[in-house]
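Working notes, beginning with the structure itself.
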Amino acid sequence: MKIDTPNIPQELQSKNFYDIFYEEDPELGMCEISGSIFENEVVDRAFLFKSVMKNCRFTNTDFRNISMNDVYFENCDLSNCNMSNSSIHKVIFKNCKLVGANFTESSIGNVQFEDSVLNLSLFGDSKLEKVIFRDSVLKSADFYDCKLKKVDFNMCNIDGANFDQTSLKGIDISSSTFNELTVSINNLNGCQVSSNQAVQFATLMGLKIKD
């Protein structure tokens, strides 16, 4: 699946993430931020655009209502960040830690999560369109009552993920692994699975397969 990638200028100003407090509105753009530690902070309605974040720590920070456009995160820790009610578009998270990150009630489009850890992350009541999870771990991630459109889980660990009240029609999980999932049989209609996964689902349904 082809999705839009971040459009970021080659020439970027070097900044610290705390510079966001010195702006009239909480926003940062056209910049590269490396090595910032911005933990346990509260920033409501922040706006990040056309920027690169590398080797930064944002753990336990409240970013609710954040808007992100054309942003690239690499080797960043966003564990337990509250990004609920957010708008996240054309963003890449590469080799990032997002354990327990809260994306509930958000709009997420043209976003890639690559080589990242999203265990216990929350996406409930969100709309995801053109989103790729690649080579990532999503153990016990919560996708309750989500709207998923053109979402791929490529070579991911989705063991224990919750897709209750979420249709998986057109969603490809065939290359991913799991021991169990929470999903209703009706919402599996049209989901792309491997032959081994089909057997797993049949077992979860209580069917006994005989050769």
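Criterion first (out of contact with any helix residue (DSSP H, G or I) (no Cβ under 8 Å at 6 or more places or on another chain), surrounded by fewer than 21 Cβ atoms within 10 Å (Cβ to Cβ), of a type in the set (Ser, Thr, Tyr) and at negative phi) does Ser116 satisfy it? For Ser116, the condition - out of contact with any helix residue (DSSP H, G or I) (no Cβ under 8 Å at 6 or more places or on another chain), surrounded by fewer than 21 Cβ atoms within 10 Å (Cβ to Cβ), of a type in the set (Ser, Thr, Tyr) and at negative phi - is not met.
Cβ separations smaller than 9 Å between residues 6+ apart or across chains give the following pairs from the stretch 145-159 residues that are within 10 Å of Thr177 (Cα to Cα) to residues that are part of a strand (DSSP E or B) and hydroxyl-bearing (Ser, Thr, Tyr): Met155/Thr177; Cys156/Thr177; Asn157/Thr177; Ile158/Thr177; Asp159/Thr177.
Could you tell me whether Ile33 is crowded, with 17+ Cβ neighbours inside 10 Å and part of a helix (DSSP H, G or I)? No; evaluated as a whole, the condition is false for this residue. Residues that are within 14 Å of Ser136 (Cβ to Cβ) and surrounded by fewer than 20 Cβ atoms within 10 Å (Cβ to Cβ) within the stretch 158-171 comprise just one, Asp159.
For Lys147, the criteria (1) in contact with a Phe, Trp or Tyr (Cβ under 8 Å, 6 or more places away or on another chain); (2) over 21 Å from Lys94 (Cα atoms) hold in every case but one, which is (1). Checking the structure you have, find out if any residue of the stretch 48-55 is within 25 Å of Cys156 (Cβ to Cβ) and buried (at least 22 other Cβ atoms within 10 Å of the Cβ). Checking the stretch 48-55: at least one residue is within 25 Å of Cys156 (Cβ to Cβ) and buried (at least 22 other Cβ atoms within 10 Å of the Cβ). For Ser174, state whether it is modelled with pLDDT under 95 and either hydroxyl-bearing (Ser, Thr, Tyr) or closer than 24 Å to Ile92 by Cα (or both). For Ser174, the condition - modelled with pLDDT under 95 and either hydroxyl-bearing (Ser, Thr, Tyr) or closer than 24 Å to Ile92 by Cα (or both) - is not met. For first residues located in the stretch 175-187 and surrounded by 15 or more Cβ atoms within 10 Å (Cβ to Cβ), partners that are at pLDDT 95 or above and of a type in the set (Val, Ile, Thr) and lie 6+ apart or on another chain with Cβ distances below 9 Å form the pairs Ser176/Ile158; Thr177/Ile158; Phe178/Ile158; Leu181/Ile158; Leu181/Ile173; Val183/Thr166; Asn187/Thr166.
Among the residues of the stretch 92-129, those that are of a type outside the set (S, T, N, Q) and closer than 19 Å to Leu188 by Cα comprise Phe123, Gly124, Asp125, Lys127, Leu128, Glu129. Candidates in the stretch 1-30 are the residues that are over 12 Å from Phe49 (Cβ atoms) and in contact (Cβ under 8 Å) with a residue 60 or more places away in the chain; of these, the one that is surrounded by the most Cβ atoms within 10 Å (Cβ to Cβ) is Ile3.
The values are calculated or read from the model by the stated rules, or taken from the named source; none is laboratory data. Here the structure is a predicted model, which means the values were calculated and not measured. Neighbour counts run over all protein chains shown; Cβ positions are idealised from the backbone, glycine included.
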